[in-house]
Amino acid sequence: MVTGASSGIGAATALELARRGVSVALAARREDALAAVADECRLLGARAAVIPTDVTDAAAVERLADQAVAAFGRLDGWVNNAAVATYGTLAEVSPEEFRRVIEVNLLGVAYGMRSALRHLRAGEGGVIVNNASVLAEVAMPYLTAYNAAKHGVRGLSDTVRQELRLSGERDIAVCTVLPATIDTPFFAHAGNHTGRSLTPPPPIYPPQLVARTIVGLLRRPRREAYAGGAARLLALQWRMLPGVSEWLLGRYAAKAQFGPRPAANTTGNLFGESHDEASISGGWHGRRRAALRTSAALGLAAGAAAVVARRYAQAHR
């Protein structure tokens, strides 16, 4: 089962599984986009089921799991990937939009885990993979609801993993993926109240990288996996020197997330389906080289700050 499978990381994951002959159940709100992904999976020799679902509806997610098992006989893995976002400060984002982001990104994962666990317990176990973000560990400004939800996904994953250990259910694994910035339609679909056009903060990685990471976890589960070297670097810096990293990343993101053009207020795809052509890529490939230089500069700055802080601490012991 892959949620959010109509575009971006979800679609890339479905195709990566299909290449390995895995039967896939595809869920998202857009049936036409799901059907296109399913056709590609079938061309690769895999079976695919299209099950349009809004993951904020707990009963609908229960039906989603039942339909997938009815189609293929059992459930071996569940990928919680559906996500939305809206950009703006806490004061700029309406309570309705904030709630919607939490409902999709956090409650949708909780509903998916509940439904997956019911079937994995009835079968021979399996793997749940929750696609969080490096923003489950660090934070960036203007993504208040998204940051909060992704931190919640990481905490939810950790807690359910503890509960499974305590109940002795060692045949069920819960894994969390923490990707860096990924080249998907996410930025084009997001709500925006900043007055500025959105751009993905570099470095930007292809969605296939995350798809391969997810498939790797389904085959050999482990607690967490970063997707993209920048995610691992940012997380390390945040743990080593949280105050400095918070300041640096805030200043960096305030510039790197926005383009030069003004943009009108929009709720993006929060409350309805996007009607543009669904695709895996967001079309940001051209920025890759400059992105790597920017990331390297950020890493060197934070690394230098960490060295200074360590020396200061040693000198004042």
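What to note about this one:
- Put simply, the Cα atoms of the chain extend 62, 48, 37 Å along their principal axes, the longest span coming first.
- Dipole magnitude (debye, nearest 20) for the chain, charges at Cβ of Lys, Arg, Asp, Glu: 1500
- Sorted peptide list for 169-176, 261-268, criterion being average Cβ within 10 angstrom, highest first: 169-176, 261-268
- Here the sum of -39500 (n - 2.57) over DSSP H runs of 4 or more residues, divided by the residues of the chain, equals -16000 deg cm²/dmol at 222 nm, to the nearest 500.
- In percent, rounded to a whole number, the relative contact order of the chain is 20, using alpha-carbon pairs under 8 Å and six or more apart.
- For segment 82-115 versus segment 211-267, the spacing of their alpha-carbon centroids is 18 Å.
- Segment 78-153 shape via C-alpha gyration tensor axes, a/c threshold 1.5: prolate
- Distant-in-sequence amide H partners of residue 79 (H built 1.01 Å from N, under 5 Å): 2, 3, 129
A short reminder: the numbers here are calculations on the coordinates, not readings from a lab. Keep in mind that this is a model prediction, so the values were computed, not measured. In this analysis, Cβ positions are derived from the backbone assuming ideal geometry, glycine residues included, and neighbour counts consider all displayed protein chains.
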